[in-house]
Amino acid sequence: MSATVATAPDTVYFDTVSLRLLGNDLTLSVDNGSWCLETPDGPIRFAGSGLAVPPTLSRLVRAYTRDDDLVAVARVGGTTELHAVLDHRIARSPRPPDDSARGVVLRYLRAQIAALAAADLGARQDQPDAVHRMRVATRRLRGVFSAYARVLGGRRLLKALSDELRWLGGELGPARDVEVQWARSRPWAEERTDACFAVLSEEARERARRALDGRRYLQLLTALDVLEVVLSEKPRQQWPKVARRPAERVLPHLARAVAEKVAARVSGVAARPAGPERDRAVHGVRKAAKRLRYALEAGAEALPVDAKPAVRAFQDLLGEFQDAVVARELLSALEVADGTLAAVRAQETAIADRCVAALPDAWRDLRRALCPLWTQRRRHEGRKSFAEGPNAAILGGGELVRSGEAGPKWPVKLRFDGG
């Protein structure tokens, strides 16, 4: 929160009845027709008339208000007085430190839910990289739901939420993709493709705006809040046994399973010749690698590895491959009528091929950095393998969790509507 600025006693503060803004370190005020939204990144100012909240401001904070009405909640001289008057009305459930498997994962989950809302505020202001930050938050949440479903429980709910997060990422994706490709084309195109990219950019941004202004998006945000509350406040004795165990005895096993899926996909690339099938296989490696990265991030405090440099190098290689493939397709679509385009397209093809050739070595480097995930298993479980048959996984201490078992019952039913 920015430093408190002295204001006149007639400054009027607006919030929802449940004080959603104040509860998220935001304040909205008006003084003599001058509106100010105070955020952790600084103030946003708007001119207005009377005590009617400008629609642009209402839209900016939609991720926090969820379309609840913004009403006058206090007339005070500044934020210090505001907190003194209203803080007792903010419902804050305690979240004590918890080093259990679920406790560690929940801390990461809460951070990503907050990051999604914060990036939404930036995206609505067209801040650089805000859409990208939103996409990363959606991917991180999906990665946690996939890697650590055993400690979270409620598989059907996690699947529904993951599907909705995938939808949101798909709506936001084109805006980021156009931004990346526009910058990538600058060295060879200079300004020749600016008009084309400007049209693509506006179309993509409008698609993102429609998604963020729709009901389906708000339902997703609310469902994520419900998930956090249910997971945090459910009595501990009702958690799955694996969720109650110490994080350092559970999360390495689950992170290793994600790494093994990456290894399997890397192996599958070598057998494919250059072409669309190989490109799809490498893209599959890229998606699996992102899930691995987010699994390592979420469990970092309980995992016996620090593989950030190797993970970054592996992801950078896969990202360069993907950018080259997308650029190659875009170059074909642009149909520039000179020889420059053919040469650039050949260059992008060569870049993609070099990335594929470098993939096995990059994976070996990452696998070496992740080695403690496997050595820890041997310490805790002797020589037992992580998978002892198609339907079982050993999660430390000999606890068997079968993939066909129903998860715990959840007291929440969610329905997502289009629009």
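Express the accessible area of the range 1-154 per residue in Å², computed with a 1.4 Å probe while the remaining protein chains stay in the model. Intermediate results must be reported in sequence, preceding the final value.
Working: 6780 Å² over 154 residues.
With all protein chains present, the range 1-154 gives 44 Å² per residue.
About its Cα centre, how strong a charge dipole does the chain have in debye, to the nearest 20, once Lys and Arg get +1 and Asp and Glu get -1 at the Cβ?
Details: 67 positive and 53 negative charges, 513 e Å.
With only Lys, Arg, Asp and Glu charged at Cβ, the dipole is about 2460 debye.
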Query raised in the report: How large is ³J(HN,Hα) for each residue in the range 291-299, as worked out from phi by the Karplus curve 6.51 cos²θ - 1.76 cosθ + 1.60 (θ = phi - 60°), to whole Hz, x for Gly and Pro?
Result: 4, 5, 4, 6, 5, 5, 5, 5, x
Query - Given K241/K308; K234/K308; K234/K261; K159/K241, the pairs whose alpha carbons are separated by over 27 Å - result: K241/K308; K234/K308; K234/K261
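Skip the ligands, DNA and RNA, and give the accessible area per residue of the range 259-362 with a 1.4 Å probe, whole Å².
Values: 5040 Å² over 104 residues.
Heavy-atom accessible area per residue stands at 48 Å².
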Query - Label of the coordinate-derived value, P(r) over Cα pairs in 10 Å bins from 0, in percent, listed as (i) 4, 18, 25, 24, 17, 9, 2, 0; (ii) 4, 16, 20, 17, 14, 11, 6, 3, 2, 2, 2, 1, 0, 0; (iii) 4, 17, 18, 10, 7, 8, 10, 11, 8, 5, 2, 0 - result: (i)
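Which is the longest run of the chain containing none of the GluC sites (Glu not before Pro) found in DSSP loop states (not H, G, I, E, B) with at most 12 other C-beta atoms within 10 Å? It would help to have the intermediate numbers written out before the result.
Values: sites that count: E190, E191, E335, E388, E405.
The reported range is 1-189.
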Query raised in the report: Each residue of the range 255-272 in turn: what ³J(HN,Hα) in whole Hz from Karplus with 6.51, -1.76, 1.60 and θ = phi - 60°, glycine and Pro shown as x?
Result: 5, 5, 4, 5, 5, 5, 5, 5, 4, 5, 6, 4, 4, x, 6, 4, 7, 9
Report summary line: Once amide hydrogens are built 1.01 Å from N within the peptide plane, the residues lying 5 or more places from V12 or on another chain with amide H under 5 Å from its amide H are V30
Query raised in the report: With the contact rule set at Cα under 8 Å and sequence spacing of 6 or more, what percent relative contact order holds for the chain?
Result: 15 percent
Query raised in the report: From the square roots a ≥ b ≥ c of the eigenvalues of the alpha-carbon gyration tensor of the range 1-124, which class results: rounded (a/c under 1.5), prolate (a/b over b/c), or oblate?
Result: prolate
Report task. Per residue of the range 133-150, in order, report the coupling 6.51 cos²θ - 1.76 cosθ + 1.60 (Karplus, θ = phi - 60°) as ³J(HN,Hα) in whole Hz, putting x for Gly and Pro. Result -> 5, 5, 4, 4, 4, 5, 5, 5, 5, 4, x, 5, 4, 6, 6, 10, 4, 5
Query raised in the report: According to the square roots a ≥ b ≥ c of the eigenvalues of the Cα gyration tensor, what is the shape class of the range 139-198, taking rounded for a/c under 1.5, prolate for a/b larger than b/c otherwise, and oblate for the remainder?
Result: prolate
Report summary line: Carbon plus sulfur, as percent of the 1.4 Å-probe accessible area of the range 181-313, comes to 53 percent
Query - Solvent-accessible surface ranking, highest first, for D25, D41, D194 at 1.4 angstrom - result: D41, D25, D194
Report summary line: Residues of the range 341-358 with backbone N under 19 Å of the label point set 7 Å from the Cα of R192 along Cα→Cβ are 341-350
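The values are calculated or read from the model by the stated rules, or taken from the named source; none is laboratory data. Just so we're clear, the structure is a prediction, and the values are computed from it rather than from any experiment. When we count neighbours, we look across all protein chains shown, and the Cβ atoms used for this are built from the backbone with ideal geometry, even at glycine. When the accessible area is computed, the model is the full protein with side chains, heavy atoms only, and any ligands, DNA or RNA have been set aside. Shrake-Rupley method; radii C 1.70, N 1.55, O 1.52, S 1.80 Å.
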